[in-house]
Amino acid sequence: MKETSQEIDNFLVDLLSKVGQSLREDVNKNKNIDTKSGPNDLVTNFDKSTEKNVVGIIKEQYPDATIVSEEGYGDDVTSMKGLVFFVDPIDGTMNFVKCHDSFASMIGVYLDGKPFVGAIINVMENKIFHGGPELGVFENERKLAAPIDQTLKDGLVIISAPMVLADYDNTQEVVGKSSGLRVLGCAGLVFEHLLKGQEVIYMSYLRPWDLAAGRVLCETLGLAVVGVDGQPVNMLQSQVVIAGTKNAVSDVLKTVKNSK
Ligand code: 2AM
Ligand code: CA
């Protein structure tokens, strides 16, 4: 493996800072908006153009890597062997369209199936969270300390609104056992909050590109990322994911077990 994690980290920070600069201009422009799986699953011309650009740059720099990406410019990836990049060009497209704020762009990199490097840009605040197991986690240039391992009752939780409304996986009981519920509508920003210790749990149905970068950064800071069965996540599948402090994740796993 010739590329080091530090080289890839530098590459991701440089790439996402350019993506961020473009998206801060695009956010106020007219957009072509389509729906995908349902009326609340949006895609714009900017999701597509950003992904096309990012995938092209990754392929030029890392021709042997494979790319899993949201809008179809990546590869059909069936194996985690070698270097695999996961790209979410705009995470929180609904916020991008409706709020003009609170959206992210994310790239996670895995080497032979293991978390290697991840980067998330909070676009409107121009903050990049990046790093990996060999590097630590940084907010721009500042190294972050591991969050305190708080329990569920001592912390706030972020759970996707559809899951709580449907009481899917007993999520209403999880909320009841916590200090309270917050909802952000952008996985990348939720990972930012977890890394800073603002909430102790994130629970949502996530696709590979929603999860990849955040998982690298969370695990690097000692946070747990598991499926509802408590088992490791499969990076090539969509699944309900529980991420957070080890204590709070263990509390949540006991509660979701009681779901009908
Ligand atoms: P996106 O904007 O990249 O689609 C909103 O609650 C969060 O969930 C966002 O991070 C959003 O990512 C993601 N999301 C939106 N629709 C989804 C779906 N149908 N399945 C899984 N994740 C989804
Ligand atoms: Ca997206």
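The values are calculated or read from the model by the stated rules, or taken from the named source; none is laboratory data. All of these numbers come straight from a predicted model, not from anything done at the bench. Glycine also receives a Cβ, built like all others from the backbone with ideal geometry; neighbour counts cover every protein chain displayed.
See the values below:
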| read-out | value |
| --- | --- |
| The range 193-205: number of residues that are of a type outside the set (S, T, Y) and crowded, with 22+ Cβ neighbours inside 10 Å | 6 |
| Residues of the range 1-46 classified as part of a helix (DSSP H, G or I) and either under 27 Å from Y110 (Cα atoms) or outside the structural domain of G82 (by TED's automatic domain parsing) (or both), total | 20 |
| Candidates S238, S250, filtered to the one that is outside the structural domain of L83 (by TED's automatic domain parsing), polar (S, T, N, Q) and within 16 Å of ligand 2 (Cβ to nearest atom) | S238 |
| Filtered residues of the range 62-98 (kept if in a loop (DSSP other than H, G, I, E, B), within 15 Å of ligand 2 (Cβ to nearest atom) and over 21 Å from C218 (Cα atoms)) | E70, E71, G72, Y73, G74 |
| In the range 169-191, residue farthest from Y205 (Cα to Cα) [restricted to those that are among the hydroxyl-bearing types (S, T, Y) and over 21 Å from the mean Cα position of the chain (by Cα)] | S179 |
| Residue check, T44 surrounded by fewer than 14 Cβ atoms within 10 Å (Cβ to Cβ) and within 16 Å of ligand 1 (Cβ to nearest atom) | no |
| Odd one out for L165, checked against (1) surrounded by fewer than 19 Cβ atoms within 10 Å (Cβ to Cβ); (2) in contact (Cβ under 8 Å) with a residue 12 or more places away in the chain; (3) among the hydrophobic types (A, V, I, L, M, F, W, C) | (2) |
| Residue list for the range 93-136, filter: aliphatic (A, V, I, L, M) and under 24 Å from T66 (Cα atoms) | A104, M106, I107, V109, L111, V117, A119, I120, I121, I128, L135 |
| Residue tally, condition of a type in the set (D, E, K, R) and crowded, with 16+ Cβ neighbours inside 10 Å, over the range 208-260 | 4 |
